[in-house]
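What follows is a set of notes on a single structure, which appears directly below.
Please treat every number below as a calculation from the coordinates, not as lab data. This structure is a prediction, so every number in the text was calculated from the model and none was measured. So basically every Cβ, Gly included, is an ideal-geometry build from the backbone, and we count neighbours across all protein chains shown.
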Amino acid sequence: MTVVEFENKLSDEINVSPEALAQLIEISGNEGDSQGVRVFVSGGGCSGMEYGMTLVETPTEFDFVYEAQGLNIYIDSVALGFLTGVEIDYKTEGLNKSFVFRNVFAATG
């Protein structure tokens with residue numbers, strides 16, 4: 001396993017709710033090779049940015065890392081510009097469960 005030292009540690013650029021953090025810890029704990037979770041952005045057209053997550057096996061030296069309760073959340077430098085101020089939450093509505101990204105800086109139409 002490669003160990004990457006991070007000088008780019010995040011503290012309050014993103015906010016992860018306790019519910020989302022619990023789910024992310026559970027998900028990443030079920031994957032033996034996982035070093036944490038990567039949050040990414042895509043799109044940017046008329047409908048705005050789309051947010052997503054994937055498990056990380058090998059982080060890169062270009063990643064920023066947010067650490068919470070032993071979980072590493074990785075964000076690359078380009079995505080960080082779009083993720084600053086984002087709240088990651090986990091919601092249950094009936095039988096539906098999902099992660100929700102709220103961007104307080106997103107433009108509304």
query = So for the pair residue 92, residue 31, with labels modelled 7 Å out along Cα→Cβ, what separation do we get in nm?
reply = 2.3
inquiry  = Charges on Cβ only, +1 for Lys and Arg, -1 for Asp and Glu, centred on the Cα centroid of segment 32-96; of 77, 55, 96, which one is farthest towards the dipole's positive end?
reply    = 96
task = Taking the Cβ of residue 80 as the centre, find all other residues whose Cβ is under 10 Å away and add up their charges (Lys, Arg: +1; Asp, Glu: -1).
result = -3
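When ranked by the protection proxy of mean other Cβ atoms within 10 Å per residue, highest first, what sequence do the peptides 53-63, 77-87, 93-103 form? Walk me through the intermediate numbers first.
On the way: 53-63: 14.2, 77-87: 16.5, 93-103: 11.4.
Going by the mean number of other Cβ atoms within 10 Å, highest first, we get 77-87, 53-63, 93-103.
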